1. If we scan the range 46-68, do we find a residue that is closer than 26 Å to residue 289 by Cβ, in a helix (DSSP H, G or I) and polar (S, T, N, Q)?
2. Taking only the range 362-418 into account, find how many residues are assigned to a helix (DSSP H, G or I) and either under 19 Å from residue 499 (Cα atoms) or without any contact (Cβ under 8 Å) to a residue 60 or more places away in the chain (or both).
3. Kindly evaluate residue 457 against the criterion of being part of a helix (DSSP H, G or I) and in contact (Cβ under 8 Å) with a residue 60 or more places away in the chain.
4. Check off (1) within 22 Å of the chain's Cα centre (by Cα); (2) not in a helix (DSSP H, G or I) for residue 492 and give me the number that stays unchecked.
5. Please specify each residue of the range 254-268 satisfying the condition of being buried (at least 23 other Cβ atoms within 10 Å of the Cβ), outside any helix (DSSP H, G or I) and among the hydrophobic types (A, V, I, L, M, F, W, C).
6. Taking the condition in contact with a Gly (Cβ under 7 Å, 6 or more places away or on another chain) and either farther than 20 Å from residue 373 by Cα or among the β-branched types (Val, Ile, Thr) (or both), does residue 67 pass?
7. Would you pick out the residues in the range 477-499 that are within 18 Å of residue 402 (Cα to Cα), touching a residue at least 40 places away in the same chain (Cβ under 8 Å) and of a type outside the set (S, T, N, Q)?
8. Just wondering, is there one or more residues in the range 255-266 that are closer than 25 Å to residue 135 by Cα, of a type in the set (S, T, N, Q) and within 11 Å of the chain's Cα centre (by Cα)?
Amino acid sequence: MNGVIEAPTIEYGVLAPLLLVFGAAVLGVLVEAFAPRYLRKAIHMPLTLLSLLGAFALTIVTVVKGDLPTTAAAMGAVAIDGPALFIWGVVLILSAVCVLMINDEGHFVASAAAVPGSSEEEQAEAAGSEHTEVYPLVLFAVGGMMLFPASNDLLTMFVALEVMSLPLYLLCGLARRRRLLSQEASMKYFLLGAFSSAFFLYGAAMVYGFAGTVSLPGISKALGTSGLLDPLLMIGLSLLGVGLLFKIGAAPFQAWKPDVYQGAPTPVTALMASGTLVAAVGAVLRVFWVGLGNLDWNWRPVMWAVAALTMIIGSVLAITQTDIKRMLAYSSIAHAGFLLIGVMATFDKAEQNVGSLSAILFYLLVYSLTTVGAFAVVTMVRDPGGEAWHLSRWAGLGKRSPILAGVFAFFLLAFAGIPLTSGFFGKYAVFTAALGSGMETGDSLGGWMTGLVVLGVVASAVAAFFYVRVIVLMFFSEPAADGPTIAVPSMGTVAVITVALLVTVGVGLFPQPVLDLANQAASGLFIR
């Protein structure tokens, strides 16, 4: 061949936040390889925090400068638009506060290779050994969370999915307490996650067989010129949906969430419950709005059923839980259903429904920060064997530590969507956008969306029961004589709870600035 191969064009400026996180992760691996063991944590902590905060600053600079590309960057592989930058900012904030929790002592096992309860494990604990590789693993996971919702083709999205998931599989098995439960959670997450990734990859292959491209805009263009009932397309759509809905914990693919959330170290649980959910919802929007927007009448009925089932399962099964982390896991499942209402709130093309996209972005921000704050409180209520997970151990907490119990109660009220909290405006924004999209179409979608919103309101009322149950338990029950102790919080944990509380209260009182920011980001979505 006489043709000249052109060098790829990489827009390093707009990709700088992503490259900084991945670069810091690689440096973290080198630190693990060459730095003395006693210096590793002292190097990792500032390296991790500075890289995350630096990436956030670069994201802000990109937004302020306003010179966003009008086409996808990196040869069409990464879509750097308003929603992607908003999600990047949210993920970086969440990961930074989660790193402050990870830095606390006592969350991670001294030697993951040692058999639980063995003499090797006791020797490692006596020697004060630490798994400092958790820091580069977190950075790799965060890099995957940033790339996942910004991917403009299915292969890049699959790579991002694996980069995000593989470190989390490892981190879930490193809990210092309840080692067997942690290892079981890691194995379950790995096996089920591997199956979901296989579904996603096989679905991408089927869609490629139909469209002749893995580019999301290319798939959308192929849908506009081809038959919409092609078997390859239908199979590919179904398999892609399984892979994506698994990551957000939507029913009937939610079974992994309670077990994994319960067994993982609580800071890792906080990162998964917030950052992973934000990234996965962003990827769902990218695939279903950008790539499959012309196929909306095929996926809407299925998505309607999934959203309804997710809200019902999350709200009803949470009532039966006696473990605080499992209860928050089912709460997360219910909130995934509320977010899917926003995904449903689209007609014809995503760029014609900026309101529903901005509502989803707003919901992701306020819900994820409240979630991190709630898990930070969970790390402070301790039994001799570790964190006090059983709800009975939280009885009378309001009399033992009224400030801590009051903060946790406020987070629960935000989850329930009580007015004057950020959670109320999050649900209000999503429900209003869903009703508005149904009225705008003037067809049967309006009835579908109205029914889904009514179901969402009912599910919220059911969910409020188990949130209020915990509040009543904390403030109107007598504490046991051998009740749990309240750990002296580190500066990092105090900072996490403070940030989460300020956002929950501040947005609950003054939501408009954040709503405007989300609306501005949603307006920057491009589909090329």
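The values are calculated or read from the model by the stated rules, or taken from the named source; none is laboratory data. None of the values given here were measured: they were computed from a predicted structure. A quick note on method: Cβ atoms are made from the backbone with ideal geometry, for glycine too, and the neighbour counts reach across all protein chains shown.
1. Yes - at least one qualifying residue is present in the range 46-68.
2. Within the range 362-418, the first condition is being assigned to a helix (DSSP H, G or I), and the residues that meet it are 362-378, 391-394, 397-400, 402-416.
If we keep only those that are either under 19 Å from residue 499 (Cα atoms) or without any contact (Cβ under 8 Å) to a residue 60 or more places away in the chain (or both) too, we end up with 362-378, 402-416.
Within the range 362-418, residues that are assigned to a helix (DSSP H, G or I) and either under 19 Å from residue 499 (Cα atoms) or without any contact (Cβ under 8 Å) to a residue 60 or more places away in the chain (or both) number 32.
3. Numbers: part of a helix (DSSP H, G or I): yes; in contact (Cβ under 8 Å) with a residue 60 or more places away in the chain: no.
It is false that residue 457 is part of a helix (DSSP H, G or I) and in contact (Cβ under 8 Å) with a residue 60 or more places away in the chain.
4. (2)
5. Of everything in the range 254-268, just one residue is buried (at least 23 other Cβ atoms within 10 Å of the Cβ), outside any helix (DSSP H, G or I) and among the hydrophobic types (A, V, I, L, M, F, W, C), namely 264.
6. Numbers: in contact with a Gly (Cβ under 7 Å, 6 or more places away or on another chain): no; either farther than 20 Å from residue 373 by Cα or among the β-branched types (Val, Ile, Thr) (or both): yes.
No.
7. Matches in the range 477-499: 478, 479, 480, 483, 484, 486, 487, 489, 497.
8. Residues of the range 255-266 that are closer than 25 Å to residue 135 by Cα, as a first pass: 256-266.
Checking which are of a type in the set (S, T, N, Q) leaves us with 262, 266.
Adding the requirement that they be within 11 Å of the chain's Cα centre (by Cα) leaves none.
So far as the range 255-266 goes, no, none of its residues is closer than 25 Å to residue 135 by Cα, of a type in the set (S, T, N, Q) and within 11 Å of the chain's Cα centre (by Cα).
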